[in-house]
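**Q** For reference, the structure I am asking about is given below.
The values are calculated or read from the model by the stated rules, or taken from the named source; none is laboratory data. Here the structure is a predicted model, which means the values were calculated and not measured. Note that each Cβ is placed from the backbone with ideal geometry, even for glycine, and that neighbours are counted across all protein chains shown. The area values use the complete protein model at the heavy-atom level, side chains included, leaving out ligands, DNA and RNA. Shrake-Rupley method; radii C 1.70, N 1.55, O 1.52, S 1.80 Å.
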Number of protein chains: 2
Amino acid sequence: MQKETLCLGLLSLGPRSGYEIKQMFEGPLSDFYSLSFGTIYPTLNNLQADKYVSCKQHSQSKKPDKKVYTITKKGMDLMKDNLLGDASSYIRSGNFGDQIKSEFFLLLLFSKYIPDETMNTVLNERVLYLRQKLEQFKYDGPVPGNLDAIRNEKSVSFIRGLASALIETGLNYMEKNRHLLKKKIN
Amino acid sequence: MQKETLCLGLLSLGPRSGYEIKQMFEGPLSDFYSLSFGTIYPTLNNLQADKYVSCKQHSQSKKPDKKVYTITKKGMDLMKDNLLGDASSYIRSGNFGDQIKSEFFLLLLFSKYIPDETMNTVLNERVLYLRQKLEQFKYDGPVPGNLDAIRNEKSVSFIRGLASALIETGLNYMEKNRHLLKKKIN
DNA sequence: ATTATATATATCATTCTGATATATACACTC
DNA sequence: GAGTGTATATATCAGAATGATATATATAAT
């Protein structure tokens, strides 16, 4: 999916600044996708130049102006068009282009070169990390204003449920099978 | 993990060419990590220049010479050092740096702009794709020579078991909950 | 008083990918 | 037998993206 489609999609949830879009990537989207400031800001500028979004500058005393972008009719049309095209091409190729770079799996892969004690700590930390993630996905309380819109998306409950189920499976598997990675019998 | 550590790690399983390293990324590693030719070849050249690997050219009639790299003692030492450093820094930060960019999740996220019929086909294709992946991870028969070493790694059975469990969970969840994504009652 | 974190945009060197170039062999189809 | 597609094998590079840094201020914590 192009960065333009993605930014338009996030702006379709409501007007937002580049900084707030980044907050979505750091927050609720962090486990699925991310874009850097170096991508977000130029993309928004280009979208504005081509009238896919409009921009209102809110001058703030002494902070840089907050530039709040609103998606236009033209932008909504482009977004929907692109999404349909993406969906069709994924169907045609049968390839979803999901890209994973997991440092954790690489560490597992080469675990035979890492002392059992160190690997043990790594796995303990991973379990803690996954438990935190699980809590995050199951948490249903209030969230900061700019993240509210995405939380309330119907598709997001589907995704959160899926993520929770996957993490639970991962945790169970690790607790049951981590002994397989041991090199020496203590 | 640096590309150097990763290439050294793969060469620690046995001597290999750059092309064969790429085959590992396209094959058994494709779901966890990947590097392009544009990264692999320069990395191998640099590792050779610094004596972390040695190289034997096998001249092949009319094909380019096959350059088979072998990890040196110096290379093994660097790899182990780097792996320990990586493990320690992951433990310290509690952040595993896993990076996911999932086109499928983005499509789900914006599914309300995509017709039910199209999304239905997308989900059907995803189920087929996951079933294929599941078969791949469960398959235990013979594999091409250059992929044999990685298949026989003890850590790889752990990873394959984990991947299988995760995919099964994902498939079950999708079959049970895909109706939640529907916008209209047919 | 100092350090750290948060808001807010912008830029850019370095890194990485994805595509292309080059060259050949082999299998398949029309 | 001509053409197409796939596989082997390395190399390079334009274009894209990241991660870091710059700028400026407020607020909370130590």
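**Q** Considering only A:Asp31, A:Asp140, A:Asp77, give the residue with the highest GNM mean-square fluctuation for chain A, with springs between Cα atoms whenever their separation is below 10 Å.
**A** A:Asp140
**Q** Efficiency by 1/(1 + (r/R0)^6): what FRET value for B:Arg151 and A:Ile100, r their Cβ-Cβ distance, R0 = 22 Å, to the nearest 0.05? Intermediate values should be presented prior to the final figure.
**A** Details: r = 20 Å, r/R0 = 0.89.
After rounding, the FRET efficiency stands at 0.65.
**Q** Hey, another quick one. Mind computing the radius of gyration and Dmax over the alpha-carbon atoms of the protein assembly as shown? Å is fine for both.
**A** Rg then Dmax for the protein assembly as shown, in Å: 23.1, 72.
**Q** Measuring from centroid to centroid over Cα atoms, what is the spacing of the range B:3-55 and the range A:82-156 in Å?
**A** 26
**Q** Inside 10 Å of the C-beta atoms of B:171-180, what's the mean count of C-beta atoms belonging to other chains?
**A** On the way: counts 0, 2, 8, 3, 0, 2, 5, 1, 1, 5.
Mean partner-chain Cβ count within 10 Å for B:171-180: 3.
**Q** If you don't mind, there's one more thing I want to ask. Heavy atoms of the protein only, probe of 1.4 Å, neighbouring chains included. What is the accessible area of A:Val143 in Å², nearest 10?
**A** 40
**Q** At A:Cys55 and B:Glu168, where each label point lies 7 Å from the Cα along Cα→Cβ, what is the point-to-point distance in nanometres?
**A** The two pseudo-label positions are separated by 5.2 nm.
**Q** Per q in 0.08, 0.11, 0.13, 0.17 Å⁻¹, report the Debye log10 I(q)/I(0) for chain A, using one uniform scatterer on each alpha carbon and no solvent.
**A** -0.38, -0.67, -0.85, -1.17
**Q** Next question, about the same structure. Defining a contact as two alpha carbons under 8 Å apart and six or more residues distant in sequence, what relative contact order in percent does chain A show?
**A** Contact order relative to length: 21 percent.
**Q** Over 20 Å between Cα atoms: which of A:Lys112/B:Lys154; B:Lys3/B:Lys138; A:Lys154/B:Lys112; A:Lys101/B:Lys133 fall into that group?
**A** Values: A:Lys112/B:Lys154 9 Å; B:Lys3/B:Lys138 29 Å; A:Lys154/B:Lys112 9 Å; A:Lys101/B:Lys133 17 Å.
Distance filter (> 20 Å) returns B:Lys3/B:Lys138.
**Q** How many partner chain Cβ atoms sit within 10 Å of a residue's Cβ in peptide B:110-119, on average, as a whole number?
**A** Values: counts 16, 6, 5, 10, 6, 3, 0, 0, 5, 2.
Per residue, the number of nearby Cβ atoms from other chains is 5 on average.
**Q** With viscosity set to 1.567 mPa s at 4 °C, what whole-number translational diffusion coefficient in µm²/s follows for the range B:70-126 from Stokes-Einstein and a Kirkwood radius over Cα pairs? Intermediate results must be reported in sequence, preceding the final value.
**A** On the way: Rh = 15.3 Å.
My calculation gives 84 µm²/s for D.
**Q** Can you give me the span-like helices of chain A, meaning DSSP H runs with 24 Å or more of Cα extent along the axis and Kyte-Doolittle mean at or above -0.5?
**A** Values: long enough: A:73-93 (30 Å, -0.63); A:116-138 (33 Å, -0.83); A:154-177 (35 Å, 0.06).
Membrane-span-like by this criterion, though nothing is claimed about a membrane: A:154-177.
**Q** Can you list, shortest first and in nm, the gaps between the label point of B:Ser88 and those of its counterparts in the other copies, using a point 7 Å from Cα in the C-beta direction?
**A** So the label point of B:Ser88 gives 5.5 nm to the other copies.
**Q** Right, here's the next one. Once the label point is placed 7 Å from Cα along Cβ, list for A:Gln48 the distances to the corresponding points in the other copies, in nm, shortest first.
**A** Between copies, matching label points for A:Gln48 lie 5.0 nm apart.
**Q** Subtract the Cα-Cα distance of B:Ser93 and B:Asn120 from 0.36 nm times their separation in residues, and report this length gain in nm to one decimal. Walk me through the numbers before you get to the answer.
**A** Details: separation 27, 0.36 × 27 = 9.72 nm, distance 4.09 nm.
Gain on stretching B:Ser93 to B:Asn120: 5.6 nm.
**Q** Once the Cβ-Cβ distance between A:Lys112 and A:Thr39 is put in as r, and R0 is 30 Å, what FRET efficiency do you end up with, to the nearest 0.05?
**A** Values: r = 38 Å, r/R0 = 1.27.
That pair, A:Lys112 with A:Thr39, gives E of 0.20.
**Q** Explain nothing, just compute: Karplus ³J(HN,Hα) = 6.51 cos²θ - 1.76 cosθ + 1.60, θ = phi - 60°, for every residue of the range B:96-111 in order, whole Hz, x for Gly and Pro.
**A** 3J(HN,Hα) across the range B:96-111, in whole Hz: 8, x, 5, 10, 10, 10, 9, 5, 4, 5, 4, 5, 4, 4, 9, 4.
**Q** Along its principal axes, what span do the Cα atoms of the range A:3-93 show, with the longest given first and each in whole Å?
**A** Largest first, the range A:3-93 extends 52, 30, 20 Å along its Cα principal axes.
**Q** Which three extents, in whole angstrom, do the alpha-carbon atoms of the range B:94-186 cover along their principal axes, largest first?
**A** Principal extents (largest minus smallest coordinate, Cα): 51, 35, 22 Å.
**Q** Looking at chain B as a GNM with Cα springs under 10 Å, which of B:Leu78, B:Leu107, B:Leu134 has the largest mean-square fluctuation?
**A** Looking only at B:Leu78, B:Leu107, B:Leu134, the biggest GNM fluctuation is shown by B:Leu107.
**Q** On to the next question. Whose amide H sits under 5 Å from the amide H of B:Tyr52, counting only residues 5 or more places off or on another chain, with H placed in the peptide plane?
**A** Long-range HN contacts for B:Tyr52: none found.
**Q** Of the candidates B:Pro15, B:Pro28, B:Pro144, which one comes out as most mobile in a Gaussian network treatment of chain B with C-alpha springs shorter than 10 Å?
**A** Taking springs between Cα atoms under 10 Å, the residue moving most is B:Pro144.
**Q** Taking each label point as 7 Å beyond Cα in the direction of the beta carbon, state the distances from B:Met76 to the same residue in the other copies, shortest first, in nm.
**A** 6.6
**Q** Can you give the average number of partner chain beta-carbon atoms within 10 Å of each beta-carbon in peptide A:86-92, as a whole number? Can you show the working numbers first?
**A** Numbers: counts 6, 11, 4, 1, 8, 6, 1.
So the per-residue partner count for this stretch is 5.
**Q** Which residue of chain A is nearest the rotation axis onto chain B, counting by its Cβ, and what is the distance in whole Å?
**A** For the rotation taking chain A to chain B, the closest Cβ gives A:Thr169, 2.
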